[in-house]
1. Carbon and sulfur: what percent of the chain's accessible surface (1.4 Å probe)?
2. Sorted by average packing, counted as other Cβ atoms within 10 angstrom per residue and highest first, what order do 64-74, 6-16 take?
3. Using the heavy atoms of the protein chains and a 1.4 angstrom probe, tell me the accessible area per residue for the chain in square angstrom.
4. On C-alpha positions alone, give me the angle between the axis of helix 2-20 and the longest principal axis of the chain, in degrees, nearest 10.
5. Of SER41, ALA26, ILE5, which is farthest towards the positive pole of the chain's charge dipole, taken about the Cα centre with +1 and -1 on the beta-carbons of Lys, Arg and Asp, Glu respectively?
6. Straight-line reach from LYS64: which lysines have a Cα under 27 Å away, not including same-chain ones fewer than 8 places off?
7. Treating only the Cβ of Lys, Arg, Asp and Glu as charged (+1, +1, -1, -1), what charge dipole size does the chain show about its Cα centre? Round to the nearest 20 debye.
8. Please tell me the relative contact order of the chain in percent, rounded to the nearest whole number, where contacts are Cα pairs under 8 Å and at least six residues apart.
Amino acid sequence: TGQYIDDTMITAKVKGALVADPELKATEIQVDTFKGTVQLSGFVAAPEHVQKAERLVRDIEGVKSVKNDIAIKR
């Protein structure tokens, strides 16, 4: 259960960081966390937003790695 709670906290922090960024549409980005690895999926409007989302996530305490599957909306 400790790992589940940690992953849940990381997911909440990631979602909060994405919501706080005015350029990213957090409602279109899904976040899943397993053992400190965060997987991002969904869509963003511009190529630079893919990397921006990943940078935001990497700076969050507890994140061990990021799997970025975000696509650019056409």
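1. Numbers: 2660 of 4790 Å².
With neighbouring chains kept in place, the figure for the chain is 56 percent.
2. Working: 64-74: 12.5, 6-16: 16.1.
For the peptides 64-74, 6-16, the packing ranking is 6-16, 64-74.
3. Values: 4790 Å² over 74 residues.
On a per-residue basis, 65 Å².
4. Compared with the principal axis, the helix lies near 30 degrees.
5. With unit charges placed on the Cβ atoms, the residue in question is SER41.
6. LYS13, LYS15, LYS25, LYS35, LYS52
7. That gives the chain a dipole magnitude of about 140 debye.
8. Over the chain, the number comes to 32 percent.
The values are calculated or read from the model by the stated rules, or taken from the named source; none is laboratory data. Computed from a prediction, not measured in an experiment: that's the story for all the values here. Neighbour counts run over all protein chains shown; Cβ positions are idealised from the backbone, glycine included. For accessibility, only protein heavy atoms count, side chains too; no ligands or nucleic acids. Shrake-Rupley method; radii C 1.70, N 1.55, O 1.52, S 1.80 Å.
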